[in-house]
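Every number in this text was worked out from the coordinates using simple rules, so none of it is lab data. All values reported here derive from a predicted model rather than from experimental measurement. With ideal geometry, Cβ positions are generated from the backbone for all residues, glycine too; neighbour counts draw on all protein chains shown.
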Amino acid sequence: MPLTPRPVAAVLFKAACPDCRARFELAAGALRLAIGASRRTTFYSFTCPECGTAVRKPAGERIVELLTGGGVRTLRLHSTV
Ligand SMILES: [Zn+2]
């Protein structure tokens, strides 16, 4: 029996658009995570596939863990505040 590499399942993140209220699933590549010095500057962003709105939402510790673990591109912001 030949060994075939198991296809890597794409991680999908459930998200909703506050603008058009569409619900959808986004692949890690469609999301961006920015980690700032405080909670107020830690957020994730994506573009709504339905209406094209740029959505930005605060990311709590759990979300940060989920996103980084799922391979979302992370940007670390340095703040002098
Ligand atoms: Zn939308």
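The table that follows gives values for the structure above.
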| read-out | value |
| --- | --- |
| Qualifying residue in the stretch 62-78 (condition: farther than 18 Å from Leu12 by Cβ, free of Cβ contacts under 8 Å to residues at least 24 places away in the same chain and more than 16 Å from the ligand (Cβ to nearest atom)) | no |
| Complete set of residues in the stretch 23-40 that are farther than 17 Å from Val72 by Cα and not in a strand (DSSP E or B) | Ala37, Ser38, Arg39, Arg40 |
| Criterion: out of contact with any Ser or Thr (no Cβ under 8 Å at 6 or more places or on another chain), exposed (fewer than 13 other Cβ atoms within 10 Å of the Cβ), farther than 20 Å from Arg23 by Cα and of a type in the set (Gly, Ala, Ser) - qualifying residue of Gly52, Gly69 | Gly69 |
| Which numbered condition Lys14 misses (of (1) surrounded by 14 or more Cβ atoms within 10 Å (Cβ to Cβ); (2) within 16 Å of the ligand (Cβ to nearest atom); (3) not hydroxyl-bearing (Ser, Thr, Tyr)) | (1) |
| Qualifying residue in the stretch 24-42 (condition: near the ligand (Cβ under 10 Å from one of its atoms), without any contact (Cβ under 8 Å) to a residue 24 or more places away in the chain and not hydrophobic (A, V, I, L, M, F, W, C)) | no |
